[in-house]
Amino acid sequence: MTSDPKFVDTSEAVSEVARIMARNNVGALPVRGEDNRLKGIVTDRDIVVKVLAEGKDPMAVHVGELVEGELHTVRADADVEEALEQMSRHHVRRLPVMDGPELVGIVSEVDVARRRS
């Protein structure tokens, strides 16, 4: 699990989010709303497919516009098998790890693979 992940706000321009990803060498970032609650995760693929490929201006599009669908999470006390089951069931590669309403990390397929090897 990646603990204490960086957040981006829904109002952040996609161009700045891409710079944050590059600077931190990550392909996904959690997105929080004005209420400081987790709204979703934005990926580098979201930026390419939903902004660049559609000819949109990454300086004009806010990251909150890219976050869609139901947010799937896993509890901080969940075991690896539960995280894998959630990922498989919901067809996601990353799961926010929550301790109550607070995001404490993100678990990815890579994290699980490393743990199992």
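Relative contact order (percent) for the chain, with alpha-carbon contacts under 8 angstrom and 6 or more residues of separation?
28
Within the accessible area of segment 1-61, what % is carbon and sulfur when the probe is 1.4 Å and the other protein chains stay in place?
Values: 1710 of 3690 Å².
Whole-percent figure for carbon plus sulfur exposure: 46.
Considering only DSSP beta bridges with both partners in the chain, what is the antiparallel share in %, to the nearest 5?
Numbers: 14 of 18 bridges.
If I count the DSSP bridges inside the chain, around 80 percent turn out antiparallel.
Would you mind computing, in nm to one decimal, how far apart the modelled labels at residue 75 and residue 22 are, each placed 7 Å from Cα along Cα→Cβ? Each label point lies 7 Å from its Cα, and together they span 4.2 nm.
If you line up the long axis of helix 80-90 against the longest principal axis of the chain, both from Cα atoms, how many degrees apart are they, to the nearest 10? With rounding to tens, the tilt is 50 degrees.
The values are calculated or read from the model by the stated rules, or taken from the named source; none is laboratory data. Nothing here was measured: the structure is a model prediction, and the numbers come from that model. For neighbour counting, all protein chains shown are included, and Cβ atoms are generated from backbone atoms with ideal geometry for every residue, glycine included. Heads up: the accessible areas ignore ligands, DNA and RNA and are worked out on the full protein's heavy atoms, side chains in. Shrake-Rupley method; radii C 1.70, N 1.55, O 1.52, S 1.80 Å.
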